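A short reminder: the numbers here are calculations on the coordinates, not readings from a lab. Nothing here was measured: the structure is a model prediction, and the numbers come from that model. Virtual Cβ from ideal backbone geometry, glycine too; neighbours counted across all protein chains shown.
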């Protein structure tokens, strides 16, 4: 019948018993040691990693009197394997040092629980990021599908952080205001252009640029935040255009937008246009 023993290389506690695992060396026996290059090949870890672990005090070596080369005994192998095991689980070097120094089950259990909680947080953050990416992909696909067309659509309420008048920066109009930085919410937030009715009459400076974000009316975290203008949504004319360059300040947007708008209603918009 086969049997096996599972134990850490330092201390293993079970109930009221503690087992110390040490090499069995007879009196007068010389331990077989390896140079750093030989050890690297033997355990499959780079020379750089071995020297780095030694620099941190995770493993130790002795100096040969004849050559002054570093030499490593069998305990170095077990210590390096311990380092690699904990490193592959994402433990910090500080925690690895602590585990090799202390080596008790209570500490290991505590650090494993801590690492598990860290990973749970990371997984949640990754899933949230993936959701952002998938939603943005769908948004871009929908924009491509609707490009060059216009619709009457329901638009949600949104907040606008005005940052320029024409091409001039406004004073005290950074993206952050009252503890809210809209840049941190991208791509849920986005740059936003406001075109006043005067813009469509030929005043090419009658626009403002800034950042905007749509909000859930049941979870309006922007409510009463200073520096943000709430724009009420509802049924709106929406045209899907693709423009480049300085299309606002150079007036390229006027004819392109009005070409679609006049299919819906003659004249120019009587309220600001956002895009």
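Pairwise Cα distances in the range 30-103 exceed 20 Å in 27 percent of cases. For n ≥ 4 DSSP H runs only, could you compute -39500 (n - 2.57) per run for the chain, divide by its residues and tell me the 222 nm figure to the nearest 500? So the helix-based figure for the chain works out to -11500 deg cm²/dmol. Full extension of the chain segment joining residue 142 with residue 60 gains 23.4 nm, where the gain is 0.36 nm per residue of separation less the Cα-Cα distance. Put the Cα centre of the range 187-255 next to the Cα centre of the range 116-150 and the gap is 23 Å. For P(r) over Cα pairs in 5 Å bins from 0, in percent, the candidate list reads (1) 1, 4, 8, 10, 10, 9, 7, 5, 4, 4, 6, 6, 7, 6, 5, 4, 2, 1, 0, 0, 0; (2) 1, 5, 11, 14, 16, 16, 15, 12, 7, 3, 1, 0; (3) 1, 6, 12, 16, 17, 14, 12, 8, 6, 4, 2, 1, 1, 0; the entry that matches the value derived from this model is (1). One chain, two ends: residue 268 and residue 132. Fully extended at 0.36 nm per residue, the span grows by 45.4 nm beyond their Cα-Cα distance.
Note on residue 164 and residue 176: the extension gain reaches 2.9 nm, defined as 0.36 nm multiplied by sequence separation minus the Cα-Cα distance.
Expressed as a whole percent, the proportion of Cα-Cα pairs in the range 149-206 lying more than 15 Å apart is 63%.
Modelled label positions at residue 240 and residue 149, each set 7 Å beyond Cα in the direction of Cβ, lie 0.6 nm from each other.
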